[in-house]
Every structure is written in structure tokens, then in C-alpha cells.
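Right, one structure below, let's go through it.
Values in this text are rule-based calculations from the coordinates and carry no lab data. Because the structure is predicted, anything quoted here is derived from the model rather than measured. Glycine also receives a Cβ, built like all others from the backbone with ideal geometry; neighbour counts cover every protein chain displayed.
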Amino acid sequence: KQEVTQIPAALSVPEGENLVLNCSFTDSAIYNLQWFRQDPGKGLTSLLLIQSSQREQTSGRLNASLDKSSGRSTLYIAASQPGDSATYLCAVFTGTASKLTFGTGTRLQVTL
Amino acid sequence: SQTIHQWPATLVQPVGSPLSLECTVEGTSNPNLYWYRQAAGRGLQLLFYSVGIGQISSEVPQNLSASRPQDRQFILSSKKLLLSDSGFYLCAWSGVQRETQYFGPGTRLLVL
């Protein structure tokens with residue numbers, strides 16, 4: 001059974017800092033890994049999708065990497081802003097289960 | 001462009017009452033549709049998914065059921081709500097199962 005873990009559970013940083021969020025998964029037989037953002041009381045917004053054959057994806061100030069063999073992904077946020085404050089969720093699509101398995105998220109607060 | 005709607009946004013229901021949550025997608029045809037539940041402090045749990053009209057797959061045994069009466073309509077139901085059914089219910093769609101999932105705004109359900 002696929003299990004996804006995100007560390008840390010919560011993070012507070014001052015504006016302008018670069019930061020890294022971590023995601024690990026137990027079953028390396030994945031099709032892709034997706035990073036989402038969730039604002040309080042809202043739905044999820046897709047940020048990045050990395051196919052299993054890819055090593056990284058970039059979108060603006062966001063960069064996600066994938067090391068499938070070790071079961072790890074990182075989301076790098078450059079020059080953080082208060083508007084980046086949200087919960088960040090990673091999810092892996094596992095072929096055997098044909099579904100997304102989500103981590104419990106990292107709650108990020110960027111302070112002025 | 002594609003949009004996904006959920007209603008109601010918030011619902012307070014007594015234990016034992018019925019439930020009907022609706023999700024509709026615009027701007028695409030034959031989407032894969034998903035119902036998730038997000039309980040406080042826990043990750044997203046996939047409840048049901050559908051690859052076509054009348055085709056429903058259930059992920060976990062529970063007090064809920066789902067139906068897809070039209071191509072872009074997905075309904076989550078219960079005949080008798082339990083306290084444990086409280087949570088944040090999210091509907092999502094994707095083009096194919098392995099692709100990015102796009103989430104609706106969610107319905108917050110409180111069962112008293």
C-alpha cells in the first residue's frame with residue numbers, strides 16, 4: 001500500500017527566503033507525482049506534475065524534483081512571498097492502484 | 001476553459017438525515033470524475049471515481065454512494081448520515097486518470 005509522507009508538517013519563514021518542502025513515498029512504481037496548493041477552506045490548485053521519467057519541473061518560482069528510486073520529491077520555492085502562505089500537498093499516482101495517494105501536507109506561513 | 005462547480009458550499013445536517021452533494025464540470029467532455037473527503041488533520045481520502053456515465057468505483061466501504069447520471073455530473077449521496085461523515089468534500093476531474101486533477105471549491109459538511 002502506497003504511503004506518502006510530508007516533512008515538515010508546518011513551516012514559518014520570513015519573506016524573501018528560499019525554502020524546500022519534502023515528500024517521500026514508499027512504493028516507487030509511480031506514473032507521476034503532483035504538487036498541489038490548498039488555501040484555507042478552499043479546493044486544491046495544481047502546481048506541478050512530474051512524470052516518472054522526469055527529474056524536475058519548473059513553474060515560475062517553483063521547482064519540483066523527483067528521485068523515483070529513493071522515493072523522494074522536493075518542492076523548492078524561491079524568494080518566498082506572503083501570498084505563498086498555504087498548505088502544500090504532494091500526491092503520487094500509483095499504477096497498481098490507479099489512483100492518487102496524497103500526503104497530509106506542509107502548512108507554510110510566510111511572514112512580513 | 002474548464003470549470004468545476006460544487007454545491008452547496010456549506011451544509012449542516014442532523015444525524016440520520018439524507019445527503020446529496022452535486023458536482024458539475026463545464027468545458028470538457030467525458031472527464032474522469034472523483035469524490036474525495038478531507039477530514040480535519042488527515043489527508044485526502046479518495047471515496048469514488050468514475051470513468052463514464054453509470055460507471056462508479058468505490059474505494060472504501062462506507063455510508064456513502066455516488067452516481068453519475070450525466071457525462072459531467074457527479075453526485076455524492078447518503079441515506080442516513082453519521083457523525084463520522086463530517087468533513088470537507090472535494091470533487092475533481094481529469095482528462096485521463098494519470099493526468100493532473102482539477103478540484104472544485106469543496107463542500108463543508110457538519111453532521112450534528
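For chain B, the extents of the C-alpha atoms along the principal axes are 37, 26, 22 Å, listed from largest to smallest. Based on the Stokes-Einstein relation at 20 °C and a viscosity of 1.002 mPa s, and on the Kirkwood radius from alpha carbon pairs, the protein assembly as shown is assigned a translational diffusion coefficient of 118 µm²/s. Inter-chain neighbour count for A:37-49: the average number of beta-carbon atoms from partner chains within 10 Å of each residue's beta-carbon is 4. Here B:GLN2 and B:ILE53 are evaluated by their C-beta separation; at R0 = 25 Å the FRET efficiency comes out at 0.85. Applying the criteria of a DSSP loop state and at most 15 other Cβ atoms within 10 Å to the chymotrypsin sites (Phe, Trp or Tyr not before Pro) of the stretch B:53-112 yields no site.
With all projection directions averaged, the alpha carbon convex hull of chain A covers 6.5 nm².
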